[in-house]
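Working notes, beginning with the structure itself.
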Amino acid sequence: MFFWLAAAAVGPLTPAMPLQAQQSTPAIAAKKILRISAVPDQNPEKLNRLYGLLAEELEQKLGVPVKYVPLIDYTAAVTGFRNGDLDLVWFGGLTGVQARLQTPGAQVLAQRDVDAAFHSIFIGNVNSVAAIKPIRTFNDLQQLKGKRFTFGSESSTSGRLMPQYFLAKGGVKITDFAGGAPGFSGSHDATIALVQSGAYEVGAVNEQVWQTNLRKGNIDRTKVVALWRTPPYPDYHWVAQGNLNKRFGPGFSSKLQKALIQLRPSNPRQQQILELFGARQFVEAPASQYGQIEAIGRNLGKIR
């Protein structure tokens, strides 16, 4: 939004300034800042570190100021992108589809090498799931009926949408859980903590977050275990506004895509970024692969 200063004339009038010159300098500068963000799927400390490093890298590669804008929830990511307040967002599969449907011209730039075939993990509190037999088929999921079950965010692809879809394939409705409804922890880290503590007996989490926490020793395997790995599905991806070439100059979107895809572990800062993303590299991502996510989202009432 632009603001103009108005002042009462006291004395001789000076020639009127051109309209463009009357626009505030901060507002003009803001239009040249590349604003990046992400769905808040993990703890804020990790996200601030990751996207701070990425902002520095993109600034150096693109020659424009880059600002990371933290968000409070998944809905804010979609709303901020739709309203034009965010230029480049790391979305999950569902939120990416929602954002593109609501923002004409938006384009998918890239995904991680793992995102074309992503997985969720169903985890259980050791004391609560001791009697559960190995889950090998969808029908085996019926053992989860009556359990205190938590998803992650309500709009999470790996923490809610796809787990609910697979549960339905096994004949399990969300009303079959204890209390007639599941919980929603808000993030994958929170889901792990809640199941480990016993507040919930079972939960669904992003496989990468689960594996990362295992490697770092953040999970007590005497209290929480993996029960089932879902079939694969497409998930996270970078989505950019369609007006970046107009704002930053011809070919800017391609330069941005190239900057993401060319991140390599041979560069120390880029290595940190890729490790925090849990990826070896970013690759091009055809938007068509997310048709499955859109169909499931519509079926479950998350896309209208």
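Just so you know, all these numbers are worked out from the coordinates, no wet-lab data involved. This structure is a prediction, so every number in the text was calculated from the model and none was measured. Methodologically, a virtual Cβ is constructed for each residue, glycine included, from the backbone with ideal geometry; neighbour enumeration extends over all protein chains shown.
Can you pick out the pairs among K32/K255; K145/K216; K67/K246; K46/K255 whose Cα atoms lie more than 22 Å from each other? The answer is K145/K216; K46/K255. Listed peptides 259-266, 147-154 appear in the order 147-154, 259-266 once ranked by packing, highest mean of other Cβ atoms within 10 Å at the front. What separates the Cα centres of the range 139-170 and the range 273-304 is a distance of 18 Å. Kyte-Doolittle mean at least -1.0 and Cα extent at least 18 Å along the axis: which DSSP H helices of the chain qualify? Passing helices, by number: 44-62. Seen from every direction in turn and averaged, the convex hull around the alpha carbons of the chain projects onto 19.7 nm². Provide, for q = 0.17, 0.19, 0.20 Å⁻¹, the log10 of I(q)/I(0) from a solvent-free Debye sum over equal Cα point scatterers in the range 119-229. Normalising to I(0) and taking log10 leaves -0.69, -0.88, -0.99. For K302, go through the aspartates and glutamates and keep the ones whose alpha-carbon is under 13 Å away, minus same-chain ones fewer than eight residues off. Those aspartates and glutamates meeting the cut-off are E154, E294.
When each of the peptides 160-170, 35-45 is scored by how many other beta carbons lie within 10 Å of its residues on average, the order from highest to lowest is 160-170, 35-45. Just want the answer: with Cβ charges of +1 for Lys and Arg and -1 for Asp and Glu, which residue in V205, V126, L161 is farthest toward the dipole's positive end in the range 119-229? The residue sitting most towards the positive pole is V126. Exposure proxy shown here: for I219, I33, the number of other Cβ atoms within 10 Å sets the order, fewest to most, as I33, I219. Mean sequence separation of contacting Cα pairs (under 8 Å, at least six apart), scaled by the length of the range 199-304, corresponds to a relative contact order of 19 percent. Computed over the chain, the per-residue total of -39500 (n - 2.57) for DSSP H runs of n ≥ 4 gives a 222 nm mean residue ellipticity of -10500 deg cm²/dmol, rounded to 500. Sort the range 184-304 into rounded, prolate or oblate with this rule: let a ≥ b ≥ c be the square roots of the eigenvalues of the Cα gyration tensor; rounded if a/c is under 1.5, and if a/c is not under 1.5, prolate when a/b is larger than b/c, oblate otherwise. Oblate. Couplings 3J(HN,Hα) for the range 114-128, derived from phi with the Karplus relation 6.51 cos²θ - 1.76 cosθ + 1.60 (θ = phi - 60°), are 8, 7, 6, 9, 9, 9, 10, 10, 8, 10, x, 6, 3, 5, 8 Hz, where x marks Gly and Pro. Pairs of Cα atoms nearer than 8 Å and 6+ residues apart set the relative contact order; for the range 132-254 it is 26 percent. Within the shell defined by Cβ-Cβ distances under 12 Å, the residues around F149 carry a net charge of +3, with Lys and Arg each +1 and Asp and Glu each -1. Peptides 205-216, 186-197, 274-285 ordered by packing proxy, namely the average of other Cβ atoms within 10 Å per residue, highest first: 186-197, 205-216, 274-285. Rounded to the nearest 20 debye, the dipole magnitude of the chain is 260 debye, with +1 charges on Lys and Arg beta carbons, -1 on Asp and Glu beta carbons, and the Cα centre as origin.
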